Each structure stands twice: as C-alpha cells, then as structure tokens.
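The values are calculated or read from the model by the stated rules, or taken from the named source; none is laboratory data. Small disclaimer: the values here were computed from a predicted structure and weren't measured. Cβ sites come from the backbone with ideal geometry, for glycine too, and all protein chains shown count toward neighbours.
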Amino acid sequence: MSPKKAKKKEAASSNVFNMFEQSQIQEFKEAFTIMDQNRDGFIDKNDLRDTFAALGRLNVGNDELDEMLKEASGAINFTVFLTMFGEKLKGTDPEETILNAFKIFDPEGKGVIKGDDIKYHLMSQADKFTEDEVNQMFTNFPLDVAGNLDYKNLCYVITHGEDKEQE
C-alpha cells in the first residue's frame with residue numbers, strides 16, 4: 001500500500017473514533033467483545049446467533065441474520081462496528097434542539113414538566129405514542145414525587161447516553 005493510500009485509510013478510520021468520547025468507545029468495545037463469541041476479532045453470523053441465544057432468543061432465522069450482516073460494508077471488525085453505530089446515531093438531534101422542544105411545555109424554565117401534560121401531548125400529537133410507550137418512558141425516566149418529568153436529564157441521556165453508576 002502506498003504511503004498516500006495508507007494515510008487516507010488511517011484518516012478515514014480515525015474519524016470514527018473522533019465521533020465518540022473515550023468512555024463511549026470503551027463501552028462499544030465491551031459490547032463488541034461480548035458479541036465476538038469466538039474471539040476472532042470479527043462478528044459473523046455464528047457470533048450473532050450465539051449472542052441472540054445468550055439473550056434468550058433461540059430461533060433467529062438465517063434471513064434475519066443475513067439482513068443484519070448486510071448493513072456492514074464488509075467483515076465486521078471493531079472499527080466497522082463503531083462506524084455502524086456512528087451512522088445510526090448521526091440522526092440524533094443535538095441536545096439543545098431537544099431541550100428547546102421541551103421548553104415549549106416549560107414556560108417558567110424550571111426544567112420539569114407535568115407528567116400528565118407530556119403524556120397527553122405524546123399520545124395525541126404527531127407520531128402518537130401508545131400508552132405502553134409512555135409508560136415505558138416513565139419506567140426509564142420516573143416522575144418525581146410531584147408528578148413531574150425532569151426533561152433536562154431525559155435530553156442528556158438521549159444525546160450522551162447514561163452515565164455508569166459510581167461504585
């Protein structure tokens with residue numbers, strides 16, 4: 001490989017690592033290692049099947065696994081795995097945009113909105129949520145004792161992921 005091609009390849013692969021914080025890359029690496037059941041540095045069809053089995057889903061069809069593998073540009077090593085997640089996450093709006101959407105329901109700027117209000121709007125506007133979907137959100141982001149949703153925390157988790165609990 002010529003030095004020019006090597007530099008170009010290095011730049012292309014290093015860009016994906018710039019998309020994430022170091023802690024996120026470490027989490028993706030842990031997930032990759034868990035999925036790489038045969039420890040060959042690649043996730044293949046058998047690794048996917050074994051991962052599903054470990055999660056309790058034993059009858060995953062070959063077609064479904066093939067569709068998953070087709071999403072990659074080639075063999076799924078860690079860099080390809082990280083790139084695939086980067087492409088999936090690229091569509092997430094910036095935190096400020098999501099915060100501004102919630103602020104419509106919080107004219108006093110308290111950082112919280114009434115759970116009943118957000119439930120009503122989620123179930124009656126645009127891409128309507130089902131009651132189960134709203135309840136799932138409240139399970140992951142419980143209302144406080146006054147029945148309010150801390151939307152600032154919700155927005156942070158949507159855009160940055162959850163922090164690991166301190167040990």
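The set of residues in segment 1-40 that are modelled with pLDDT of 85 or more and of a type in the set (Lys, Arg) comprises Lys29, Arg39. So is Lys119 at pLDDT 90 or above and outside the structural domain of Tyr151 (by TED's automatic domain parsing) or not? Criteria not met by Lys119.
Looking only at residues of segment 58-73 that are modelled with pLDDT under 90, of a type outside the set (Val, Ile, Thr) and more than 21 Å from the chain's Cα centre (by Cα), we find that the one that is nearest to Phe32 (Cα to Cα) is Leu58. One residue alone among Asp132, Asp116, Asp106 is among the charged types (D, E, K, R) and in contact with a strand residue (DSSP E or B) (Cβ under 6 Å, 6 or more places away or on another chain), and that residue is Asp106. Scanning segment 17-56 for residues that are basic (Lys, Arg) and surrounded by fewer than 11 Cβ atoms within 10 Å (Cβ to Cβ) turns up just one, Arg39.
Being within 15 Å of the chain's Cα centre (by Cα), modelled with pLDDT of 85 or more, in the same structural domain as Lys29 (by TED's automatic domain parsing) and not in a loop (DSSP other than H, G, I, E, B) is the requirement here; does Phe85 meet it? When the stated conditions are applied, Phe85 does not pass them.
How about segment 95-148: which helices (runs of 4 or more DSSP H) wholly inside it have at least 2 residues that are over 18 Å from Thr159 (Cβ atoms), of a type in the set (A, V, I, L, M) and without any contact (Cβ under 8 Å) to a residue 60 or more places away in the chain?
In segment 95-148, 115-124 are the helices (runs of 4 or more DSSP H) which contain 2 or more residues that are over 18 Å from Thr159 (Cβ atoms), of a type in the set (A, V, I, L, M) and without any contact (Cβ under 8 Å) to a residue 60 or more places away in the chain.
In the set (1) closer than 23 Å to Gln24 by Cα; (2) outside the structural domain of Ile25 (by TED's automatic domain parsing); (3) free of Cβ contacts under 8 Å to residues at least 40 places away in the same chain, Ala75 fails one condition alone, (2).
Only one entry of Asn77, Asn100 meets the criterion of being within 30 Å of Gly147 (Cα to Cα), modelled with pLDDT of 80 or more and under 22 Å from the mean Cα position of the chain (by Cα), and that entry is Asn100.
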